[in-house]
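Asker: Here's a structure for you.
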Amino acid sequence: MKADSMIIKVSAILLAAGMSKRMGLDKLQFAYKSKTLLHHAVELLSLLPVYEKILVTTDTRSTRIDIPSDIILCINPQPEIGVNKSINIGLKAASGTHYLFLTADQPKLTVVDIMPILKTAENNPQNIVHPIINSKPCSPTLFPAAFRNDLLNLYDTSHKKKSDSGGRVIRDINQHLCLAVKPEYPMNFSDIDDDDDYKSGFGATCASVFNKSVSNFFVANRNGRQVFSFPVLILVIMILFFWVTIPLFIISLFFGFRYKFIGREFGKESVNSFMDSASDVVDDVKKSFTDSSNKNDDD
């Protein structure tokens, strides 16, 4: 299904301005499979076959990721107010006939998971459409334009009552207009909303990083012979003491040491070319100094 082939015009709105109050940390910067949660969410948004794509986030987060040109960026200057403020901002930027609200803490979601929601809405344009897992509705949820004002008013209402229910309050009071979609891959709809959820993804990421750090090696050569070699993990630990390590590294270059990486991830030509360039610069400095000294001796 392509965006221009759909009867309804879906504005996909990614809500990514939350404060992660329950976790106490910016969870959207957590890594899942080598990418941040925010990166995963923006990547999914950019791939959706919809009428328009809107990202609501904070000014700080917007600088941490490359945002595709087809995504409308909206800054929430008051993320502490809650998700209703982001909904309000996103809707004011939307011009579609339907609004698909996505959250940024479902990194497993794919376009394949979203398509049944879009197709159901296409065939039932007057209904609210959402996935259902274990008899419970979950995100993403799609609303027709008939609920635009109700959704916009969530901010004013919640601000007065100091509540932050999001679009689910509209969904819950309109159950007779809701259509539930059973996902083919329900596990993809899980979100990372507490420490236990995050640890499963975080543990896999840590294991991957550790494996790479011990399977790639930092090698030192001098006069064509290998002087020493150790895992990149040791190099990372040494760099923690950069005020000692870096000066020693630079000095060693003047004594003919050359360095390179060996391994699947780090032993690439681009990485080692950079290392060779550093050594070449030092060699040029040494040559210039030697030539200058010889010229002074001749004089």
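Asker: Out of (1) assigned to a helix (DSSP H, G or I); (2) at pLDDT 85 or above; (3) among the charged types (D, E, K, R), the odd one out for ASP291 is which?
Answerer: Evaluating ASP291 over (1) assigned to a helix (DSSP H, G or I); (2) at pLDDT 85 or above; (3) among the charged types (D, E, K, R) leaves (2) as the failure.
Asker: Which numbered condition in (1) crowded, with 23+ Cβ neighbours inside 10 Å; (2) without any contact (Cβ under 8 Å) to a residue 60 or more places away in the chain is the only one that ALA16 fails?
Answerer: (2)
Asker: Here's a follow-up. Being surrounded by 15 or more Cβ atoms within 10 Å (Cβ to Cβ), within 13 Å of SER190 (Cα to Cα) and not charged (D, E, K, R) is the filter here; which residues of segment 103-132 pass it?
Answerer: THR103, ALA104, GLN106, PRO107, LEU109, PRO131, ILE132, listed by residue number.
Asker: Moving on. Looking only at helices (runs of 4 or more DSSP H) that lie completely in segment 44-163, which have at least 2 residues being under 17 Å from the mean Cα position of the chain (by Cα) and in the same structural domain as GLY18 (by TED's automatic domain parsing)? I'd like the intermediate steps shown before the answer.
Answerer: On the way: elements: 59-62, 83-93, 111-123, 148-161.
Where helices (runs of 4 or more DSSP H) fall fully within segment 44-163 and carry at least 2 residues being under 17 Å from the mean Cα position of the chain (by Cα) and in the same structural domain as GLY18 (by TED's automatic domain parsing), they are 59-62.
Asker: Scan segment 185-204 and give yes if some residue there is out of contact with any Pro (no Cβ under 7 Å at 6 or more places or on another chain), among the hydroxyl-bearing types (Ser, Thr, Tyr), at pLDDT 90 or above and part of a strand (DSSP E or B), otherwise no.
Answerer: Scanning segment 185-204, I find no residue that is out of contact with any Pro (no Cβ under 7 Å at 6 or more places or on another chain), among the hydroxyl-bearing types (Ser, Thr, Tyr), at pLDDT 90 or above and part of a strand (DSSP E or B), so the answer is no.
Asker: Just to be sure I understand the filter: pairs with C-beta atoms under 8 Å, separated by 6 or more residues or on different chains, first member in segment 232-245 and closer than 17 Å to VAL209 by Cβ, second member surrounded by 10 or more Cβ atoms within 10 Å (Cβ to Cβ) and charged (D, E, K, R). Which pairs pass?
Answerer: Qualifying pairs under 8 Å: VAL232/LYS212.
The values are calculated or read from the model by the stated rules, or taken from the named source; none is laboratory data. Predicted model, so just to flag it, every value in this text is computed and none were measured. All Cβ positions, glycine included, derive from the backbone under ideal geometry; neighbour counts span all protein chains shown.
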